[in-house]
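Each remark here refers to the structure printed beneath this line.
Values in this text are rule-based calculations from the coordinates and carry no lab data. Because the structure is predicted, anything quoted here is derived from the model rather than measured. Every residue, glycine as well, gets a Cβ built from its backbone with ideal geometry; the counts of neighbours run over all protein chains shown.
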């Protein structure tokens, strides 16, 4: 009988430890509720996560599900942060979803204080989830947790990093609670660590006999999801909960770990969304959420509530008057800019020579092209207050201001045949090669070339001085101006301009005296007025025949020839 009893004790001991334990963990999720990305490449989402967790709980007998910390919205790392109110609501909904999914433990991280300590205390107090924080005590949190999974006692601790973090003090606290877990005969210890990678490695070496697993939510250089340091396994969850990571441990009859297997399950578009969780979170918090959901522009209505829904945006008509034959006009740039504020513009193009376009030009006193004309109904649109400063009201319409629409054609400026005005800043890229090309072109085609210097409001001193010298040289030594300018542009930052002036046979004293005269100041004022009139605030811009203005980005010689041919064909006068 005694032998039988001893055999029974031995057999019981074997069954206690000859078993498995699965740890499933997420962290640094920042309350990410929805799948992120285009449909076929989208990842994450709490509804997809729910589907996988439910499957795992059916499959795995001994399982613990952990949110390791970094669950709150609103921090620097939360790319979906909108404003404090919406971020708080998103965090609350996220924790409700974790509760519905029966998460066993929730750790804390520094980012969970992003919306304020009082808010964090409030949501912890109201939640029925088990929060753990060992070194930073908050009301409603536990310094440690023990979860009994079958006959395995799992102890869980959490170290939170703060701006006042002190390792020596934290080390004492950690030793205290590891000793306590040992006294309580805990078989397996998990540390949720919000500390740096180097500190996690240090902890693993120092407490290799007392800690089995470290789940790190600390931000470090290493992004390795799984590694072993002195028998302690250190893992990291995926950012925004884009996948689920898990480790399955196997124990021998003495309770020792004999095997561990790491696995990652991607939450791709192939994972079906869980209907139960879908019912307890809002459809959307922003228009961007709706865009991703419907794969088309849409508005989020009743945002951040269970009554939220996505409404497809209606299109808004915009009439654009331009020269359809213009090979260098770029109204598409303005289109792209406007789509940052509203995506459903319906751009309708009219050629400025058409009868209807001429009537609009006359009625709304349009002086430049392209012109973007909007119905006054735009005032009723939700987005209008954000962009109202971009428009000016003319009778019953709104027109984009010229500095926003851009200017390619002046309809009322005096036509001056065979004239090129080039506007540039001395530091503009590829300026020297462009100057040489335009000079050659203007000489071959019989155009007069006029150069204009652009100065910033707060210009660097050496550029200001160089421009003043160039103006003096232009007046005093017009035949040597281009030569001097070309040589200076080879190295505009050098201070060898005195040698160059002497090399060009010019008088330094004469140039200095001219700079001190009123002529330079008057010239700069006139240039500034001209740039303001033409709405030019940066280079490189070319004005041809005083009526067609274009921004130049690395044009070829043939591009410039094409531009001159186009301007030559422009009809001017009343019909222009």
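Relative to the dominant Cα principal axis of the chain, helix 197-206 is inclined by about 20°. State the Cα centre-to-centre distance between the range 138-182 and the range 447-487 in whole Å. Answer, in whole Å: 71.
Ranked highest first by average number of other Cβ atoms within 10 Å, how do 96-103, 170-177 line up? Spell out each step's value before the answer.
On the way: 96-103: 17.4, 170-177: 15.9.
Ranked from most to least packed, the peptides come out as 96-103, 170-177.
To the nearest ten degrees, helix 117-126 and the longest principal axis of the Cα atoms of the chain are 40 degrees apart. The ranking of 130, 479, 377, 274 from fewest to most other beta carbons within 10 Å of each one's beta carbon is 479, 377, 130, 274. Shape summary of the chain, radius of gyration then Dmax from alpha carbon positions: 35.4, 123 Å.
Packing order of peptides 155-163, 230-238, highest average first: 155-163, 230-238 (average count of other Cβ atoms within 10 Å over each peptide's residues).
What is the fewest-to-most order of 139, 469 by other Cβ atoms lying within 10 Å of their Cβ? Working shown, then result.
Working: 139 7, 469 21.
Result, fewest neighbours first: 139, 469.
By the beta-carbon count within 10 Å of each Cβ, the least crowded to most crowded order of 188, 482, fewest first, is 482, 188.
Return the calculated 222 nm mean residue ellipticity for the chain, to the nearest 500 deg cm²/dmol, obtained by summing -39500 (n - 2.57) across DSSP H runs with n ≥ 4 and dividing by the residue count. Mind dumping the intermediate values first?
On the way: 19 runs with 211 residues, N = 576.
Computed mean residue ellipticity for the chain: -11000 deg cm²/dmol.
Computed across the range 415-575, the Kirkwood hydrodynamic radius from all distinct Cα-Cα pairs reaches 16.8 Å. If you bin all the Cα-Cα distances of the range 14-281 at 10 Å, starting from zero, the percentages per bin are 7, 31, 38, 20, 4, 0.
The angle separating the long axis of helix 431-445 from the principal Cα axis of greatest extent in the chain is about 30 degrees.
Dividing the mean sequence gap of close Cα pairs (under 8 Å, 6+ apart) by how many residues the chain holds gives a relative contact order of 11 percent.
Note on the range 316-409: semi-axes of the ellipsoid equivalent to its C-alpha gyration tensor, largest first and rounded to whole Å, are 20, 15, 11.
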